[in-house]
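Take a look at the structure below.
Quick note: the coordinates plus some simple rules give every number you see, no bench work behind them. Keep in mind that this is a model prediction, so the values were computed, not measured. Cβ atoms come from the backbone with ideal geometry, glycine included; neighbour counts cover every protein chain shown.
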Amino acid sequence: MARLILVRHGRAAQGWEVPDPGLDDVGRSQAEAVADVLAGAFTPRPILTSPLTRCRQTAVPLATRWGVEPTVEPGVAELPSPPGVATVDRSAWLRTHMAGTWSELGPMFVDFRDSVLATLADIPADSVVFSHFIAINAAIGAAVGDDHLVVLHLDNTSRTIVDVDSGGFRLIEGGAEADTLIR
């Protein structure tokens with residue numbers, strides 16, 4: 001069994017219409033704060049991160065404290081836009097579909113969810129994974145048997161803890177939910 005601490009990245013400098021923004025000043029402060037919490041509560045363990053800049057930047061403070069080199073893991077990246085949805089239209093597309101289910105979105109997105117879950121299930125040891133709102137919600141949904149894209153409205157640098165055993169997920173702790181508009 002592996003216990004995974006799934007951390008949503010810090011606040012991005014730009015919204016969903018920008019494919020790969022870094023962190024803004026608030027996001028960098030959030031990354032430092034989550035590193036302080038995790039370094040104080042857990043012993044060093046492997047760190048995996050989405051390849052996107054905001055996740056890699058959020059992982060740096062914890063990796064530095066623990067002296068661990070993060071592994072970039074494409075399998076925990078952001079939900080892709082469907083074919084034909086321009087980058088500038090991504091925000092509207094996401095807002096429209098976030099209340100729906102994976103099944104309603106269709107096979108491309110069910111495959112994405114299943115790929116995220118398979119990636120997480122293949123992590124062999126207790127680890128910290130820096131990822132994204134929807135990808136973390138995929139794990140939460142698997143743990144609680146909910147097909148919705150969004151089960152919890154996770155705040156930036158929230159920490160969700162799941163146990164993974166024989167491919168199954170068990171939610172230990174849901175991440176803090178946002179009380180502001182998610183951008």
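Near E177: Cβ cut-off under 13 Å, other residues only, Lys/Arg at +1 and Asp/Glu at -1. The net charge is -1. In this simple spin-label model, placing a label point 7 Å from the Cα along the Cα-to-Cβ direction at both R65 and D179 gives a separation of 2.3 nm. With 5 Å bins beginning at zero, the pair-distance distribution over Cα atoms of the stretch 1-132 amounts to 2, 10, 19, 20, 19, 15, 10, 5, 1, 0 %. Taking Cα centre as origin and charging only the Cβ of basic (Lys, Arg, +1) and acidic (Asp, Glu, -1) residues, the dipole magnitude of the chain rounds to 300 debye.
For the stretch 1-76, count the residues as N, evaluate 2.2 N^0.38 Å, and divide the Cα radius of gyration by that value, please. The reported ratio for this selection is 1.07.
Restricting things to Cα coordinates, could you compute the convex hull volume per residue of the stretch 87-142 in Å³?
Per residue, the Cα convex hull of the stretch 87-142 comes to 94 Å³.
Mind listing the long-range amide H neighbours of D155? Cut-off is under 5 Å, sequence gap 5 or more, other chains count too, H placed in the peptide plane at 1.01 Å from N. HN-HN under 5 Å from D155: A176, E177, A178. Each Cα pair under 8 Å and six or more residues apart adds its separation to the average, and for the stretch 2-173 the resulting relative contact order is 33 percent.
Within the listed set S115, S166, S81, the residue fluctuating most in the Gaussian network model of the chain (springs between alpha-carbon atoms under 10 angstrom) is S166. Label reach from A39 (point 7 Å along Cα→C-beta): in the stretch 157-173, amide nitrogens under 19 Å belong to 157-159.
Amide H contacts for F130 (H built 1.01 Å from N in the peptide plane; partners 5 or more residues away or on another chain; cut-off under 5 Å): V7, L48, T49, S50.
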